[in-house]
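Since the structure comes first, as structure tokens, the remarks are kept for the end.
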Amino acid sequence: MTITEVSKKYDISQDTLRYYERIGLIPAVNRTKGGNRDYTEESCGWIELAKCMRSAGIPIEALIEYCALTQQGEETITARKELLVEERRKLLEKMEDMQKTMDKLNYKIDRYEKAEITGVLSWDK
């Protein structure tokens, strides 16, 4: 696939795709004889992973490290797993924080809805 096709398919700018490759967030992409990027199914898998992980807030540095470890071969399996486990732990903490915020918002919205009905705003549960 061309960079234009990949950009459209994954809704990522061509500049971002080039940047991801340049910093090692995704492995180097094959090139055609003319020097154009030729994305394979494997390349696209890396892009899907990067997009998914970035949308969840996983730091670029962790993904670069993961990519580098993968390219070093099977002797890095444990290190890769540990990296992913740590990122999952951080993500779970973020999710817990977000749930606390959601609970607070729901409480406040509920209080305002009751106030609209009763005419009295009360913060008691």
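Every read-out reported here was derived from the displayed coordinates using simple, explicitly stated rules and does not represent laboratory data. Note that the structure is predicted; figures quoted are calculated from it, not measured. Heads up, the Cβs are rebuilt from the backbone with ideal geometry, glycines too, and the neighbour counts pull from every protein chain shown.
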Strictly over 25 Å apart at the Cα level, which of 33/81; 8/81; 9/81; 51/81 would you flag in this model? 33/81; 8/81; 9/81
Could you give the length gained on full extension between residue 22 and residue 2, defined as 0.36 nm per residue of separation minus the Cα-Cα distance, in nm? 5.5 nm
Which three lengths, in whole Å and largest first, does the chain cover when its Cα atoms are put on their principal axes? 73, 35, 19
Hey, what does the equivalent ellipsoid look like for the stretch 3-72, semi-axes from the Cα gyration tensor as sqrt of 5 times each eigenvalue, largest first, whole Å? 19, 14, 10
Using helices alone, I'd like the mean residue ellipticity at 222 nm for the chain: each DSSP H run of four-plus residues gives -39500 (n - 2.57), total over residue count, nearest 500. -23500 deg cm²/dmol
Helix 14-23: inclination vs the chain longest Cα principal axis, degrees, rounded to 10, gives 70 degrees
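I want the local charge near residue 28. Using Cβ-Cβ distances under 10 Å, sum +1 for each Lys or Arg and -1 for each Asp or Glu among the other residues. Kindly include the intermediate steps, with their values, before the conclusion.
Details: positive: 22, 31, 37; negative: 21.
Counting the neighbours of residue 28, the net charge comes to +2.
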Label zone at residue 75, where the point sits 7 Å out along the Cα-to-Cβ direction: the stretch 8-41 residues whose backbone N lies under 18 Å: none
